[in-house]
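S.K.: So that we are looking at the same thing, I have put the structure below in C-alpha cells.
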Amino acid sequence: MILTERYLPITQQKNADDVIIIKNLHKSFGSNAVLNGIDLTVEKGENLVVLGKSGSGKSVLIKCLVALITPDEGEISVLGTPIDGLNYSALNALRIKVGFLFQTAALYDSMTVAENLAFPLKRHFKNLTDKEREDRIKAVLDDVGLVEAIDKMPSELSGGMRKRIGLARTLILEPEIVLYDEPTTGLDTITSREISELIVDIQQKRKTTAIIITHDMACARLTSDRIAVLNEGVIHAEGTYNELEQSKDKWVQSFFNV
Amino acid sequence: MKPKTIIAEPRRELFPGLKSAFANTGEATVFALRFFKEVFVPPYEWKELLKQCFKIGYKSLTLVAITGFIMGLVLTLQSRPTMAEFGAESWIPGMVSISLVREIAPVITALICAGKISSGIGAELGSMKVTEQIDAMEVSGINPFKYLVVTRIVAATLMIPLLVIFADAVGIVGSYIGININGDVSMRRFFAQAVNSLDFIDLIPATIKTFFFGFFIGFIGCFKGYNAAQGTESVGKAANSAVVTASLGIFIMDMLAVQITDFLY
C-alpha cells in the first residue's frame, strides 16, 4: 500500500520551500479539545493568516511551534527541524530563528526600550561591541519608525507603539520566521492599518516567512498571501483572500460578512 | 409509564485539599531540583545577581534597622523591671545580646523580609507571567529560570544573613539606648558585657539558619510568582501566598534548627 503524503513521517516530507510543517496536531486542556488534528504547511517567504473566532486555538497553534505549549499528539517541523525531542539548548537555537510578537507585546516593564532590545542581543551576539549593538538597535527602531522612543519606558508608550517596539525586539535577532499573535487587537483602525503595513514591509524587506493570527479582516486582507480558517480545532478552509471571499461556505462567509 | 430518570450524583473527592497539597509539594520539589541543576551551570547572570543583591539587601536596610532598633529597645525596657526585682540588671546586656543573636533577630528579620521580599518577588514574577514577559524571554532563546529565579534565590540566600547580622548590631545599640533611659551605663561597659556574653555557639548556628531562611524566602517568592495562573487576580494570590508560606516555613525551620542545635551542642 502506498502511503499518502499526509501519513508520511515529517522527516520524509522533503519540500525545500516548506519552512513550517504541521501534521495531525492535537491539543486539549482538560476535557476541552482545542486542536483536533491540524495539518498545515507554510512556504518560505509566505505570509499565512490564520483566521478563527476567539478561543478557537489560534494562539495555541503558534505557541506549539515555539514549544511554549507541548502538543498532545502530532508532528511539527520548523526550518527542517522536528521540534519534538529537541533538547533545551537546541530548542533555544531554533527559537532565535523564530520571532514571536505577543498580543500584549510583552515588553519587559523594568527596562527601557533600548534595554528591551539589547537584552536578547547581549545574550546571542556576545561579540558585538557597544557601538555595534547601539547601531543595530537604532536600525531596527528605524525600521518600525520609533527611533525617538529609544530611552522611554514601556509604561510611557501607547498600545500601537508597544506593538512596534515588541516587533522591533522580535526583529533584532533577524529571525527567518515571525509569528504574530493578534497584532492589531486593541488598536484603533488607523494604527491597525499601520501595523498591517509594517508586517508587509518586513516581509518584503527582510524576506521573512510569517504566520499571522487574527480575526481582523482588514489585517488579513492587507497582510495575507494565503488564509487558513480554523473551526472546531481543524483547518476548515484554505485559500487566498479573494478565493475565500467568494466561498459559499457559511462558516467562511461569517468572517467576510461582518 | 414514564421511565424513572436517574441523575448520577457528582463524584465527591475525599480530602480534595490533600490532593492539591501533594501536587504543590511535588511541583515545589521539581522547582527546587531545577534550581540546584541550573545554579552551577554557566552562563551566569552576574549583573542581574548584583542588582537583586542591591534590591534585597541595600533596599531593606532601613526597614531592618528600624525593626532591629525597636527589638533591642523594647526587650530591654520590658525585661528591666523583672531583672531589677532579682537585682540582676547587670545581666541585661548579655541577656539581650544572646536573645537577639540566637533567636529574635534572625526570626523577626526573616519575617520582615518574608513580607517585603517574598511578596515582592511573587508579585513581580507573577505579573511578568501574566503579561507574557516570561514567555517572551523563553521564545527569544533566553532561559528565564536562570535570569529571574536563580538570581533572586541566590541573592536572598546571601543577603538575609547579612541583614540579620546588621539587625543584631542595631538591636544591641537599641538596647544600650533603652538601658540608658532610666539609668547610666557607659557605652564601653555595655558593649563589653554584651559581646563577652556571646559565644561562637550562639553565633554560628544562628547564622547558618539564616542562610536557610534566605533561601526559603527567595524560593517561595519565585515558586509562587513563576507558577502564577493567568489573570491579574493570580498576581495578588501569588504575593499573598508567598508571604504566608514563607512566614510559616520560617517558624518551622526555626523550630527544627533549635532542635538540631540542642542535639549537637
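Quick note: the coordinates plus some simple rules give every number you see, no bench work behind them. Just so it is clear, the model here is predicted, and its values are computed rather than measured. When we count neighbours, we look across all protein chains shown, and the Cβ atoms used for this are built from the backbone with ideal geometry, even at glycine.
S.K.: Taking the criterion of being more than 10 Å from every other protein chain (Cβ to nearest Cβ) and part of a strand (DSSP E or B), would at least one residue in the stretch A:165-179 satisfy it?
M.R.: Here is the first cut: in the stretch A:165-179, the residues more than 10 Å from every other protein chain (Cβ to nearest Cβ) are A:165, A:167-168, A:171, A:174, A:176-178.
This time we only want the ones that are part of a strand (DSSP E or B), so: A:177-178.
Taking every residue of the stretch A:165-179 in turn, at least one turns out to be more than 10 Å from every other protein chain (Cβ to nearest Cβ) and part of a strand (DSSP E or B).
S.K.: Does the stretch A:182-192 contain at least one residue that is in contact with a strand residue (DSSP E or B) (Cβ under 9 Å, 6 or more places away or on another chain), at negative phi, more than 14 Å from chain B (Cβ to nearest Cβ) and hydroxyl-bearing (Ser, Thr, Tyr)?
M.R.: Yes, there is a match, as at least one residue in the stretch A:182-192 is in contact with a strand residue (DSSP E or B) (Cβ under 9 Å, 6 or more places away or on another chain), at negative phi, more than 14 Å from chain B (Cβ to nearest Cβ) and hydroxyl-bearing (Ser, Thr, Tyr).
S.K.: Given the conditions (1) over 16 Å from the mean Cα position of the chain (by Cα); (2) within 16 Å of A:ALA114 (Cα to Cα), and given that A:LEU244 satisfies all but one, which numbered condition is not satisfied?
M.R.: Here A:LEU244 clears every test but (2).
S.K.: Kindly establish whether A:LYS248 is over 28 Å from A:PHE29 (Cβ atoms), in contact with a Ser or Thr (Cβ under 7 Å, 6 or more places away or on another chain) and not in a helix (DSSP H, G or I).
M.R.: Criteria not met by A:LYS248.
S.K.: Any idea which of B:GLY178, B:GLY174, B:GLY218, B:GLY214 is within 22 Å of B:LEU63 (Cβ to Cβ) and in contact with a Lys or Arg (Cβ under 7 Å, 6 or more places away or on another chain)? Steps first, please.
M.R.: Numbers: B:GLY178 fails: in contact with a Lys or Arg (Cβ under 7 Å, 6 or more places away or on another chain); B:GLY174 fails: in contact with a Lys or Arg (Cβ under 7 Å, 6 or more places away or on another chain); B:GLY214 fails: in contact with a Lys or Arg (Cβ under 7 Å, 6 or more places away or on another chain).
One residue alone meets the criteria, B:GLY218.
S.K.: Same structure again: Give the number of residues within the stretch A:86-144 that are over 29 Å from B:GLY231 (Cα atoms), acidic (Asp, Glu) and facing chain B (nearest Cβ under 10 Å). So that I can check it myself, show each step before the final result.
M.R.: So in the stretch A:86-144, the residues over 29 Å from B:GLY231 (Cα atoms) come out as A:86-87, A:89-90, A:93-94, A:97, A:121-144.
Cutting the leftovers down to acidic (Asp, Glu) gives us A:130, A:132, A:134-135, A:142-143.
Those still in the list that are facing chain B (nearest Cβ under 10 Å) too: none.
Result for the stretch A:86-144: 0.
S.K.: Just to confirm my filter: which helices (runs of 4 or more DSSP H) fall fully inside the stretch A:57-162 and include at least 3 residues that are crowded, with 21+ Cβ neighbours inside 10 Å?
M.R.: On the way: elements: A:58-65, A:88-96, A:113-124, A:130-143.
Passing ranges, in order: A:58-65, A:113-124, A:130-143.
S.K.: Keeping to the stretch A:36-54, report how many residues are under 19 Å from A:ALA237 (Cβ atoms), assigned to a loop (DSSP other than H, G, I, E, B) and small (Gly, Ala, Ser). So that I can check it myself, show each step before the final result.
M.R.: Taking the stretch A:36-54 as the starting set, the residues that turn out to be under 19 Å from A:ALA237 (Cβ atoms) are A:36-43, A:46-54.
From what is left, the residues that are assigned to a loop (DSSP other than H, G, I, E, B) are A:46, A:52-54.
Add one more test, that the residue is small (Gly, Ala, Ser), and what stays is A:52, A:54.
Qualifying residue count for the region: 2.
S.K.: Follow-up. Starting from the stretch B:177-203, take each residue that is farther than 18 Å from B:ILE70 by Cβ and list its partners that are among the charged types (D, E, K, R), counting only C-beta distances under 8 angstrom and pairs at least six apart or across chains.
M.R.: Final answer for the pair search is B:GLY183/B:GLU89; B:ASP202/B:ARG102.
S.K.: I need the full set of residues from the stretch B:119-132 which are within 11 Å of chain A (Cβ to nearest Cβ), of a type in the set (Val, Ile, Thr) and part of a helix (DSSP H, G or I), in order please.
M.R.: Here is the first cut: in the stretch B:119-132, the ones within 11 Å of chain A (Cβ to nearest Cβ) are B:124, B:127-132.
Applying the additional criterion that residues be of a type in the set (Val, Ile, Thr) yields B:130-131.
B:VAL130, the sole residue that qualifies.
S.K.: Just checking, does the stretch B:51-61 include any residue being part of a helix (DSSP H, G or I) and under 26 Å from B:PHE200 (Cα atoms)? Step through it out loud before you land on a result.
M.R.: Going residue by residue through the stretch B:51-61, those that are part of a helix (DSSP H, G or I) are B:51-56, B:58-61.
Of the ones still in play, those that are also under 26 Å from B:PHE200 (Cα atoms) are B:61.
Yes: the stretch B:51-61 contains one or more residues that are part of a helix (DSSP H, G or I) and under 26 Å from B:PHE200 (Cα atoms).
S.K.: Of these, B:ILE66, B:ILE104, B:ILE108, B:ILE92, which one is surrounded by fewer than 19 Cβ atoms within 10 Å (Cβ to Cβ) and in a helix (DSSP H, G or I)?
M.R.: It is B:ILE66.
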